[in-house]
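Input: a single structure, listed below in structure tokens.
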């Protein structure tokens with residue numbers, strides 16, 4: 001763990017209050033989960049972890065609760081995660097997710113799911129490329145119209161990713177690619193109509209690919225684009241052959 005911060009469960013009510021303030025700072029809108037709701041979740045199986053400086057200031061957090069995946073598997077659904085401005089791209093988000101993994105495994109749960117905007121390359125890099133999540137679920141306008149600075153003006157389409165904590169599903173080599181902007185927020189600020197065109201174009205591409213059985217299994221950046229890699233699952237005979 002970095003000497004700049006420590007990751008631990010929320011311990012006091014002030015930790016929950018700090019989390020609400022961090023949510024408001026990151027999303028700049030009325031989207032915060034109230035402290036009392038987070039407290040109720042953690043008292044009944046939820047996981048709330050924060051990254052705290054030596055002075056006790058929260059610089060990041062992750063919040064999840066028990067539920068069922070789209071495939072009917074018991075999981076933790078990671079509803080929110082954020083890192084404060086000035087601490088991003090310094091490994092805090094990855095460290096929080098690794099700590100969340102250990103906390104969920106300690107409950108005997110083997111899967112964590114969460115949603116993110118598939119056009120956000122930074123999130124795709126963490127979720128798909130670094131953590132090894134997969135995705136086969138696309139949700140149109142998942143949260144309705146959102147007023148915050150990151151989401152306002154566009155349908156809130158989301159991936160729901162699966163993070164298999166012990167054994168990741170096996171796939172054929174990737175055979176399909178879908179591109180996204182490398183900096184979607186900059187594109188939105190410069191040209192909202194172009195951002196909407198990307199949303200609708202990639203929505204159609206992902207929905208068609210998932211309907212054909214493809215799964216997102218990788219991600220990389222190339223110049224001014226991000227590129228998702230999609231593959232088909234192995235058949236039963238192929239799985240047996242791969243382990244023979």
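The values are calculated or read from the model by the stated rules, or taken from the named source; none is laboratory data. Because the structure is a prediction, the values reported are computed rather than measured. With ideal geometry, Cβ positions are generated from the backbone for all residues, glycine too; neighbour counts draw on all protein chains shown.
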Report task. Give just the number: which of (1) closer than 26 Å to residue 28 by Cβ; (2) surrounded by 20 or more Cβ atoms within 10 Å (Cβ to Cβ) does residue 75 not satisfy? Result -> (1)
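Here's the yes/no breakdown for (1) touching a helix residue (DSSP H, G or I) at 6+ places or on another chain (Cβ under 8 Å); (2) buried (at least 17 other Cβ atoms within 10 Å of the Cβ):
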{"site": "85", "(1), (2)": "yes, no"}
{"site": "95", "(1), (2)": "no, yes"}
{"site": "99", "(1), (2)": "no, yes"}
{"site": "106", "(1), (2)": "no, no"}
{"site": "119", "(1), (2)": "yes, yes"}
{"site": "128", "(1), (2)": "no, yes"}
{"site": "132", "(1), (2)": "no, no"}
{"site": "135", "(1), (2)": "yes, yes"}
Query raised in the report: For the stretch 131-146, which residues satisfy the criterion of being touching a strand residue (DSSP E or B) at 6+ places or on another chain (Cβ under 9 Å) and more than 12 Å from residue 159 (Cβ to Cβ)?
Result: 131, 132, 141, 143
Query raised in the report: Are any residues in the stretch 1-37 within 15 Å of residue 87 (Cβ to Cβ) and not in a helix (DSSP H, G or I), and if so, which ones?
Result: 1, 2, 3, 4, 5, 6, 7
Requested in this report: Go through (1) farther than 21 Å from residue 121 by Cα; (2) surrounded by 15 or more Cβ atoms within 10 Å (Cβ to Cβ) one by one and return the number of the condition residue 188 breaks.
Outcome: (1)
Query raised in the report: residue 39 fails exactly one of the following numbered conditions: (1) modelled with pLDDT of 95 or more; (2) under 18 Å from residue 114 (Cα atoms). What is the number of that condition?
Result: (2)
Query raised in the report: residue 167 fails exactly one of the following numbered conditions: (1) surrounded by fewer than 13 Cβ atoms within 10 Å (Cβ to Cβ); (2) within 19 Å of residue 130 (Cα to Cα); (3) touching a strand residue (DSSP E or B) at 6+ places or on another chain (Cβ under 9 Å). What is the number of that condition?
Result: (3)
Requested in this report: Might you check whether a residue that is closer than 30 Å to residue 103 by Cα, in contact with a helix residue (DSSP H, G or I) (Cβ under 8 Å, 6 or more places away or on another chain) and exposed (fewer than 13 other Cβ atoms within 10 Å of the Cβ) occurs anywhere in the stretch 211-220?
Outcome: no
Query - Residues within the stretch 43-58 that are over 18 Å from the mean Cα position of the chain (by Cα) and on the phi < 0 side of the Ramachandran plot, tallied - result: 8
Query raised in the report: Is it the case that residue 40 is under 19 Å from the mean Cα position of the chain (by Cα), assigned to a helix (DSSP H, G or I) and surrounded by fewer than 16 Cβ atoms within 10 Å (Cβ to Cβ)?
Result: no
Query raised in the report: Within the stretch 140-244, which helices (runs of 4 or more DSSP H) (wholly inside it) include 1 or more residues that are at pLDDT below 95 and within 30 Å of residue 108 (Cβ to Cβ)?
Result: 236-243
